[in-house]
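K.L.:
Handing you a structure now.
The numbers here are math on the coordinates, done by the rules we state, and not lab data. It should be emphasised that the depicted structure is a prediction, and the values quoted were computed from it without experimental measurement. Cβ atoms come from the backbone with ideal geometry, glycine included; neighbour counts cover every protein chain shown.
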Amino acid sequence: MPFLDWVNKNQAKAAVGAVPTHLLQQEAVFGGSEDTPPENLLIQGDNLLALKALIPVYAGRVKCIFIDPPYNTQSAFEHYDDKLEHSQWLSMMYPRLVLLRELLAEDGSIWVSIDDNEAHYLKVLMDEVFGRANFVTTVIWEKADSPRNSARQFSSDHDFIFVYARHPDWTPIKLARTAESDAIYSNPDNDQRGVWLPGDPYANKPYSRGQYSVAGPTGRIFSPPPGRYWRISEEKLRTLDADGRIWWGPSGDARPSIKRYLSEVSDLVPRTLWHKDAVGSNRTSKNEMRALFPGQESFGTPKPERLLQRALHIATNPGDLVLDSFLGSGTTAAVAHKMGRRYIGIEMGEHARTHCVFRLQKVIDGEQGGISEAVGWKGGGGFRFCTLGQTAFDADGRINPEVRFGTLAAFIWHYETATPAANALNKPLLGLHNGAAYYLLYNGILGDRRPQGGNVLTHAVLQMLNEQYPHDGPKVIYGETTRLGDAKLAAEGVTFRQIPYDIKSR
Ligand SMILES: C[S@@+](CC[C@H](N)C(=O)[O-])C[C@H]1O[C@@H](n2cnc3c(N)ncnc32)[C@H](O)[C@@H]1O
């Protein structure tokens, strides 16, 4: 397979392995309740670091990634610069795509919007990262309402959205039928089965055995034109005709058609041309932005909510996890929230706070713009707002001594259970999950303030845990090392996990 090459590609490849693992620092929680903290996550920070921070917990868990990265239009927006040299842009995208792939579930898909500036280079790059066999399609989104007559050569009316699956057997969820798609059905013969469409009786391939001729109600004889074949056997055609399922035209002397009843057709397979009337245009999103942020400039080119709604409908079910690592003003997260999907959004700019937090708070409060009415959105739910905290490991691969107990505990809890911690974690017993108790021995949590104090699982420490935090069931204990042998651990129902190795290994 041909690969794309560019200046410093090797460095871009090496960059993936060199990204340090940061711990997430929770800044605030919006909505949700104390016992069930919201799973949705908004992270402010460079997405290269943020994606790496997500790997330990979220690898293989994301059902749909939708990203709208800087298109490299060579313009400088108010909130971010979109002006990289082409090789730099590829070097920016490469490690991020590699990490995104790691996060994608086996039945997941990734959607990337882009325009002519970098689209064709991105396609080849994504073939390399995701596998050419996993390329699903290019969606063409009609973004312009009217032509831009001031354009020097062509008015650019569309963006591309590349869709790749994690595996080639990925199947899209079909779209609900619309009044428009149903309007082409009619019932000229008052068939009691309802409206129908005439279906072609001929095919380009010989599906049924034998070429035959058939006489219609007026005696007129029909057979397929040269190079075409009957779609069904003669016997099947006669059976359908006897059941009133063949249409010979209003006078009974037209070529037979096989009736396709509206009541028997399924939902609509998604098409690749997405018209502005169905999913909104750049003008739609501008209006959505004006309503959300009155008097403020919008930045970049936010997408209309209906565009995201269609993508998420095709790629996810309620409850699935959606990720956007170039969140902009938060459209993907807002739409996922209203559609009952879980989500993670990453945005490095200050607009993570000014726009994303603000917008998602409004969504929780029942904001009625965008797709709200269409999905019956009434408000509710919540999200956690995080920044990037300390790096988890120091240069020697040991836990960074700056990392505090609560931060490491929250990381381990999330890592083990894939659920956010409900309370502030400030004791060795982090909590119970699926019948197992999780403990952490770190930074002198047992009272000994020396760095190593109490971080080793000895007989005495285990006895103390059993007395102070008893649990009648399996226990998972994290610590620096253990002095207990395998037999003792097994007898006590303890699985010991060594810091940092058992954290880094995933
Ligand atoms: C085109 S905008 C996305 C608009 C978004 N789809 C919406 O509807 O609002 C691209 C965003 O990516 C952000 N971005 C660019 N590089 C980033 C990085 N390395 N990490 C995180 N965000 C980044 C920019 O700040 C910008 O807000």
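K.L.:
Run through the DSSP bridge list for the chain and note the antiparallel percent, rounded to the nearest 5.
P.N.:
Numbers: 40 of 72 bridges.
Among the beta bridges of the chain, antiparallel pairing accounts for roughly 55 percent.
K.L.:
Turning to a different aspect of this structure: Please work out whether the stretch 403-504 counts as rounded, prolate or oblate from its C-alpha gyration tensor, where a ≥ b ≥ c are the square roots of the eigenvalues and a/c under 1.5 means rounded, while otherwise a/b larger than b/c means prolate and anything else oblate? Walk me through the numbers before you get to the answer.
P.N.:
On the way: a/c = 1.41, a/b = 1.12, b/c = 1.27.
Taking the square roots of the gyration eigenvalues as a ≥ b ≥ c, the stretch 403-504 is rounded.
K.L.:
To the nearest 10 degrees, how steeply does helix 459-468 sit against the main Cα axis of the chain, on a 0 to 90 scale?
P.N.:
Its long axis makes an angle of about 70 degrees.
K.L.:
Between the alpha-carbon centers of the stretch 357-399 and the stretch 159-228, tell me the distance in whole angstrom.
P.N.:
45 Å
K.L.:
Shifting gears a bit: Treating only the Cα positions of the chain as identical point scatterers, give the base-10 log of I(q)/I(0) from the Debye formula at each q in 0.08, 0.09, 0.10 Å⁻¹.
P.N.:
So the normalised log intensities work out to -0.66, -0.78, -0.89.
K.L.:
Of ALA15, GLY454, ILE499, which is farthest on the positive side of the dipole of the chain, counting Cα position, with +1 on Lys and Arg Cβ, -1 on Asp and Glu Cβ, and the Cα centre as origin?
P.N.:
The residue sitting most towards the positive pole is ALA15.
K.L.:
Let's see if you can work this out: charge +1 on each Lys and Arg Cβ, -1 on each Asp and Glu Cβ, no other charges. What is the dipole magnitude of the chain about its Cα centre, in debye to the nearest 20?
P.N.:
Working: 55 positive and 58 negative charges, 161 e Å.
I would put it at about 780 debye.
K.L.:
Rank the residues LYS83, LYS475 as a footprinting-exposure proxy: fewest other Cβ atoms within 10 Å of their Cβ go first.
P.N.:
Numbers: LYS83 14, LYS475 22.
Taking fewest neighbouring Cβ atoms as first place, the list is LYS83, LYS475.
K.L.:
Continuing with the same structure: Could you tell me the distance between the Cα centroids of the stretch 413-434 and the stretch 12-61, to the nearest Å?
P.N.:
Here the answer is 16 Å between Cα centres.
K.L.:
Same structure again: Hey, what angle do you get for helix 47-58 against the long axis of the chain, alpha-carbon based, 0 to 90 degrees rounded to 10?
P.N.:
Between helix and principal axis, roughly 90 degrees.
K.L.:
Full extension from LYS378 to ASP5: what is 0.36 nm times the residue separation minus their Cα-Cα distance, to one decimal in nm?
P.N.:
On the way: separation 373, 0.36 × 373 = 134.28 nm, distance 4.96 nm.
129.3 nm is the gain from fully extending LYS378 to ASP5.
K.L.:
With +1 on each Lys and Arg Cβ and -1 on each Asp and Glu Cβ, and nothing else charged, work out how big the dipole of the stretch 179-264 is about its Cα centre, in Debye to the nearest 20.
P.N.:
Values: 12 positive and 11 negative charges, 85 e Å.
The calculation lands at about 400 debye.
K.L.:
What FRET efficiency, computed as 1/(1 + (r/R0)^6) with R0 = 56 Å and r the Cβ-Cβ distance, is obtained for GLN88 and ASN426, rounded to the nearest 0.05?
P.N.:
Working: r = 45 Å, r/R0 = 0.79.
With a Förster radius of 56 Å, E is 0.80.
K.L.:
If I model a spin label at ARG290 and ASP189 as a point 7 Å from the Cα along the Cα→Cβ vector, what separation in nanometres do I get?
P.N.:
My value for the distance between the label points is 5.3 nm.
K.L.:
Per-residue ellipticity at 222 nm for the chain, helices alone: DSSP H runs ≥ 4 residues times -39500 (n - 2.57), over residue total, nearest 500 deg cm²/dmol? Can you show the working numbers first?
P.N.:
Working: 16 runs with 143 residues, N = 506.
Here the helix-only value at 222 nm equals -8000 deg cm²/dmol.
K.L.:
Once the Cα atoms of helix 119-130 and of the chain are each reduced to a long axis, what angle between those two axes, in degrees from 0 to 90 to the nearest 10, is obtained?
P.N.:
For 119-130 against the chain, the angle is about 60 degrees.
K.L.:
With θ set to phi - 60°, apply the Karplus curve 6.51 cos²θ - 1.76 cosθ + 1.60 along the stretch 234-248 and write out the HN-Hα couplings as whole Hz, x wherever there is a Gly or Pro.
P.N.:
For the stretch 234-248, the Karplus curve yields 4, 4, 5, 5, 5, 4, 4, 5, 4, 8, x, 9, 10, 10, 9 Hz.
K.L.:
Mind checking the dipole of the stretch 403-504: about its Cα centre, +1 per Lys or Arg Cβ, -1 per Asp or Glu Cβ, Debye to the nearest 20?
P.N.:
It comes to approximately 300 debye.
K.L.:
Neighbouring Cβ atoms within 10 Å as the yardstick, rank VAL322, VAL265 fewest first. Don't skip to the answer; put the middle values down first.
P.N.:
Working: VAL322 27, VAL265 14.
Taking fewest neighbouring Cβ atoms as first place, the list is VAL265, VAL322.
K.L.:
Give the residue list of trypsin sites (Lys or Arg not before Pro) in the stretch 98-160 that are DSSP loop and have at most 14 other beta-carbon atoms within 10 angstrom. Intermediate results must be reported in sequence, preceding the final value.
P.N.:
Values: sites: ARG101, LYS123, ARG132, LYS143, ARG148, ARG152; in loops: LYS143, ARG148, ARG152.
Answer by residue number: ARG148, ARG152.
K.L.:
Sticking with this one: Here are some pairs, LYS143/LYS378; LYS123/LYS303; LYS52/LYS338; which of them have Cα atoms lying more than 23 Å apart in this structure? Write down the numbers at each step before the final one.
P.N.:
Working: LYS143/LYS378 29 Å; LYS123/LYS303 21 Å; LYS52/LYS338 27 Å.
In this structure, LYS143/LYS378; LYS52/LYS338 lie more than 23 Å apart at Cα.
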